[in-house]
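Here the structure comes first, spelled out in structure tokens, and everything after it is commentary.
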Amino acid sequence: MAAKPYIYITRKLPESVIDTLKSFADVEMWDSEENPVPRDILLNEAKKADALLTMLSDKIDKELFDIATNLKVVANLAVGFDNIDVEEATKRRIVVCNTPDILTDTTADLAFSLLLMTGRRLVEAVDVVREGKWKSWSSYFLAGTDVHHKTLGIVGMGNIGEAVAKRALGFDMRVLYHNRSRKLETEEKLGVKYATFDELVKQSDYVLVLTPLTPETKGMFTKEVFKRMKKSAFFINVARGPVAVEADLIEALKEGEIAGAGLDVFDKEPISPDHPLLQLNNVVALPHIGSASVETRTAMMELCCDNIEAVLKNEVPKTPVNR
Ligand code: DGY
């Protein structure tokens, strides 16, 4: 009888989710829900694994692929897959899968919440109440910036962008977008308008970044770009930290080039509590929770398992990125 395939999962997932995998494979998991698997253990497991179920915090690179001689599939628990060297995987005919679509609405909800939290100063307001600093009702006390009837500029108009646009239209916002290619159907369906990157940056009251991290988008938001934004505008990043040059963002926030930032993602995650961004009142920072609802995360885990099962059974996976 042929040996069972070996699947390694880099974070502790609920047993109920991995039951199906256990019916045909040997499955091991890193024993922590919170902490990433140490690199040496990951490499050691990769040497033996037919499949890896990975998190966006795991670096799946050439070094790993070179020793992972049995590896057939990497299923990443995220829509983004910039943590994986897909070119190296493809050279070795290793299938890489992600979790698109099922997280679209959850991530759009979070993106729009972050926009509201930032514009309306909601974190400062919560802190004031909790810390007993609410003295009286006063006219400009914690007065923020309106969201309704303002201009939202979405950079990266994929499914999540469209879902955010729908939410924004419900708030009577004007929606501009910038994307590698124009989306005429989306324009017609939603009434959003294409803008060049420069026009979008200059005209938007809220600039929302949703683009994947690629060599083209890395460092896209520089000092010069922040300078071109309105001084009253907010920068919201739910994509990946390195899309903006972090030092330039800090400078723009400190110098008043922009009014504030709402950030779910950072250059280095987790961000350290003494990081300069977290010393600024005009920054709302979240711990990369774009897709973090119980329903969606469970569905993402199930999709990863389905993809692994399909590849190991020589079937077509649902959401490959390199096939
Ligand atoms: C993703 O899936 O890439 C998101 O960043 C998770 O929140």
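The values are calculated or read from the model by the stated rules, or taken from the named source; none is laboratory data. None of these values were measured; they are calculated from a predicted model. Positions of Cβ are generated from backbone atoms using ideal geometry, with glycine treated the same way; all protein chains shown enter the neighbour counts.
How about region 271-295: which of its residues are more than 26 Å from T145 (Cα to Cα) and in contact with a strand residue (DSSP E or B) (Cβ under 8 Å, 6 or more places away or on another chain)?
Correct list: I271 only.
Checking M117 against (1) more than 14 Å from the ligand (Cβ to nearest atom); (2) without any contact (Cβ under 8 Å) to a residue 60 or more places away in the chain; (3) outside the structural domain of A25 (by TED's automatic domain parsing), only one condition comes out false. Which one?
The single condition M117 does not satisfy is (2).
Taking the stated definitions as given, is L122 crowded, with 18+ Cβ neighbours inside 10 Å and in contact with a Leu (Cβ under 9 Å, 6 or more places away or on another chain)?
Numbers: crowded, with 18+ Cβ neighbours inside 10 Å: no; in contact with a Leu (Cβ under 9 Å, 6 or more places away or on another chain): yes.
Considered against the rule, which asks whether it is crowded, with 18+ Cβ neighbours inside 10 Å and in contact with a Leu (Cβ under 9 Å, 6 or more places away or on another chain), L122 comes out as no.
Within region 254-270, is even one residue among the aromatic types (F, W, Y), within 20 Å of the chain's Cα centre (by Cα) and more than 16 Å from the ligand (Cβ to nearest atom)? Spell out how you get there, then give the answer.
First, the residues of region 254-270 that are among the aromatic types (F, W, Y): 266.
Narrowing the set further to residues that are within 20 Å of the chain's Cα centre (by Cα) leaves 266.
Now drop any that are not more than 16 Å from the ligand (Cβ to nearest atom), which leaves none.
No.
Quick one: which of D248, D306 is surrounded by 17 or more Cβ atoms within 10 Å (Cβ to Cβ), more than 16 Å from the ligand (Cβ to nearest atom) and in the same structural domain as E87 (by TED's automatic domain parsing)? Spell out how you get there, then give the answer.
Values: D248 fails: in the same structural domain as E87 (by TED's automatic domain parsing).
From the options D248, D306, the qualifying one is D306.
Identify all residues within region 251-266 that are in contact (Cβ under 8 Å) with a residue 12 or more places away in the chain and surrounded by fewer than 16 Cβ atoms within 10 Å (Cβ to Cβ); write none if there are none.
Scanning region 251-266 gives E251, K254, G256.
Cβ-Cβ distance below 9 Å, separation of 6 or more or different chains: which pairs start in region 44-65 with a residue that is closer than 24 Å to P287 by Cα and end on one that is within 14 Å of the ligand (Cβ to nearest atom) and of a type in the set (F, W, Y)?
Every condition considered, the pairs that remain are L56/F81; I60/F81.
Considering each of G132, G219 in turn, give the residue that is in a loop (DSSP other than H, G, I, E, B), surrounded by 12 or more Cβ atoms within 10 Å (Cβ to Cβ) and at pLDDT 95 or above. First the steps, then the outcome.
On the way: G132 fails: surrounded by 12 or more Cβ atoms within 10 Å (Cβ to Cβ).
From the options G132, G219, the qualifying one is G219.
Provide a single number: the residues in region 143-158 that are farther than 11 Å from G119 by Cα and surrounded by fewer than 20 Cβ atoms within 10 Å (Cβ to Cβ).
3
If the Cβ limit is 7 Å and pairs must be 6+ apart or interchain, which residue in region 12-24 that is β-branched (V, I, T) pairs with which residue that is loosely packed, with under 13 Cβ neighbours inside 10 Å and not in a helix (DSSP H, G or I)?
Here the result reads none, with nothing in region 12-24 linked to a residue that is loosely packed, with under 13 Cβ neighbours inside 10 Å and not in a helix (DSSP H, G or I).
Looking at E199, is it among the acidic types (D, E), in contact with a His (Cβ under 9 Å, 6 or more places away or on another chain) and assigned by TED's automatic domain parsing to the domain that holds V243?
Answer is yes for this residue.
Identify all residues within region 89-114 that are within 13 Å of the ligand (Cβ to nearest atom), in contact with a strand residue (DSSP E or B) (Cβ under 7 Å, 6 or more places away or on another chain) and in a helix (DSSP H, G or I); write none if there are none.
Result: A111, L114.
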